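As structure tokens, the structure follows; a few thoughts come after it.
The values are calculated or read from the model by the stated rules, or taken from the named source; none is laboratory data. What you see is a predicted model; the values in this text were computed from it and never measured. Cβ sites come from the backbone with ideal geometry, for glycine too, and all protein chains shown count toward neighbours. Surface areas here come from the heavy atoms of the whole protein model, side chains and all, with no ligands, DNA or RNA. Shrake-Rupley method; radii C 1.70, N 1.55, O 1.52, S 1.80 Å.
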Amino acid sequence: MNQSSLPIVEALQQHAEAEPDSFHVPGHKNGVVQPAYAREILSASRYDQTELPGLDDLHDPCGVIASAQQLTADIYGSRSAFFLIGGSTAGNLIMILAALQEGDVVFVQRDTHKSVINGLRLVKAQPVFLEPEYDETSGLSLGLSIHSVQRAFHSYPETAALIVNRPGYYGWTSPLRAIIGEAKKNGALVLVDEAHGAHFPAGDVFPDSAVSLGADLVVHSAHKTLPALTMTGYLHVGRSSRIKAAEVQEAAAMVESSSPSYLLLASLDAARKYLYDLIQKDDAALQEQLKQTKQAVLQAGALEERIPPEHVRADPLKIVARAPQGHTGWALQRYLEEEHVFIELADEAHVVFFLSFQPLSTKTLQRIERGAARLRSENPAVYSGAGARSLPFSGMQKLPADWYQAGRGETETTTLEDAEQKQAAVDIIPYPPGVPLFLKGETLTGERLDFLLKRLEAGGSVQGVRQSENGQWLTSTVKRKEAR
Ligand SMILES: Cc1ncc(COP(=O)(O)O)c(C=O)c1O
């Protein structure tokens, strides 16, 4: 296939060249109707088209979108690829709707993104949560181990599918080949949320993509690690999967807009070509460039890198650094932000930098240096709580059959202090990484509640909890019925 071609980008350019008159949606009429106050931001509107002749239809592709998707499948080695408008959030919903049916037992890595949980709610599947393995030194999740998957199939041999989150937010990528083998042996589908791994085929320096390892469905956020616009992603059907492309197309039509943005589609087309160009580069040179960038950042901040144990591969496009001794990752994040350096993630003990394939400027490195130095010089190194598990989940847990409707009913606002033993009426989600700590309907108690309080105290952000004017943490719980 001609990977240098850009079917959607070229079709949009060709359409715009003739300076067409628009009597169709969108209302900006090829960018002609443009409020002056937002002109610069909306400057690409000329290419923000709709399903016109020559521009194909995402929901029934047979022209330029079909060609662009085929090029994408070719480069990743999948049987079919689908362009996602709505990110991996849409991808996970589509993946689950296409693969599962009501009541299906499904193994789910517990530290999964909230979109997976929402997909399972929509389809009314029956999740069995599997605890990830944790790194002893950092407390970070290492993903699923083959042993926990084997144990799970022993307990629930009727399981229809396994949902894996790999790599995690920190770029740590657990081995998957044996896990896929175990699932296949048991007749189960393997669905992989590889939101953070769209760049993996770029070279040997990166972990293997779940597509090449034989997963049935794989979701990528193109916008996370490739230069694609926000809300874009790819969904792949594996070469040997029994899932039919038509089933995925049908689910995609349920989840995605009937007017998908052509700017987003064009950026997916361009990101695939960018990946192709990366693949042409010398592997050793790419590796060396990323290594140097990483060292420069660590050196600038006088930071120490966190390295996973040997059996887990770290994505070289990410830097997981320890917060300086006596400070939290969130504190370092705030100081970096004051220097106009915005990182992807901080937790109690770490900061995570997402890199690109572009070298960094001296100005950027100086900002990192200043931010980290100011944190150290302006604050006593007193914080001693660092090093706890990133998210406290343990054991295998089968949810009740009606889990997807738990937590409904009359609700009340409760302080977290009074919320103990009450049922959450919302999902409580540290964000990022977007992994629900408590699902709506779960009882607020135990190690996870302690973790939540500690995280809030230390400055972490959490969806489903807000602070009152007098500083109390509030959430929504299910109102208990009055005793008669
Ligand atoms: C593991 C994982 N899956 C899915 C998503 C959702 O991705 P998107 O933002 O592309 O919708 C995220 C977002 O951060 C994520 O980290």
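Look at the dipole of the chain built from charges on Cβ: of SER257, LEU191, GLY407, the Cα furthest out on the positive end belongs to GLY407.
Using a simple spin-label model with pseudo-atoms 7 Å out from Cα toward Cβ, GLU19 and GLN397 lie 6.3 nm apart.
Using only Cα coordinates, the Kirkwood hydrodynamic radius of segment 67-175 works out to 15.3 Å. For the chain, DSSP calls about 70 percent of its internal beta bridges antiparallel. The shape of the chain comes out rounded: with a ≥ b ≥ c from the C-alpha gyration tensor, a/c is under 1.5. The shape of segment 207-248 can be summarised by an equivalent ellipsoid whose semi-axes, obtained from the alpha carbon gyration tensor, come to 21, 14, 5 Å from longest to shortest. For segment 286-378, taking the reciprocal of the average inverse distance between every pair of different Cα atoms yields a Kirkwood hydrodynamic radius of 13.3 Å. Measuring with a 1.4 angstrom probe and ignoring ligands and nucleic acids, LEU42 comes out at about 70 Å² accessible.
Report note on the peptides 415-425, 217-227, 195-205: ranked by the mean count of other C-beta atoms within 10 Å, highest first, their order is 217-227, 195-205, 415-425. Taking all protein chains as they are arranged and a probe of 1.4 Å, the heavy atoms of LYS124 leave approximately 80 Å² accessible to solvent. Dividing the convex hull volume of the alpha-carbon atoms in segment 7-279 by its residue count gives 136 Å³ per residue. A Cβ-based charge dipole, computed about the Cα centre of the chain with Lys and Arg at +1 and Asp and Glu at -1, lands at about 680 debye. Pop a pseudo-label 7 angstrom from the Cα along the beta-carbon direction at both ALA284 and SER361 and give the gap in nm to one decimal. A separation of 3.2 nm, rounded to one decimal place.
In terms of its C-alpha gyration tensor, segment 210-274 has an oblate overall shape, because the principal axis ratio a/c (a ≥ b ≥ c, square roots of the eigenvalues) is not below 1.5 and a/b does not outweigh b/c. Once the convex hull of all Cα atoms in segment 333-484 is built, its volume per residue stands at 170 Å³.
What full-extension length gain, to one decimal in nm, is calculated for THR445 and HIS340 as 0.36 nm per residue of separation minus the Cα-Cα distance?
Full extension of this stretch gives 34.0 nm more.
For the cross-link pairs LYS454/LYS479; LYS124/LYS398; LYS124/LYS481, the ones whose C-alpha atoms lie over 22 Å apart are LYS454/LYS479; LYS124/LYS481. Can you find, among SER138, ALA202, GLY371, the residue sitting farthest towards the positive end of the charge dipole of the chain, where Lys and Arg contribute +1 and Asp and Glu -1 at Cβ? About the Cα centre, the residue reaching furthest to the positive side is SER138. Using 0.36 nm per residue and subtracting the Cα-Cα separation, the extra length available between THR137 and ALA373 on full extension is 82.4 nm. A Förster distance of 30 Å, applied to the separation of the beta-carbon atoms of GLN3 and CYS62, puts the FRET efficiency at 0.90.
Whole-Å semi-axes of segment 406-478's equivalent ellipsoid, largest first, each the root of 5 times a Cα gyration tensor eigenvalue?
Largest first, segment 406-478 gives 17, 14, 11 Å.
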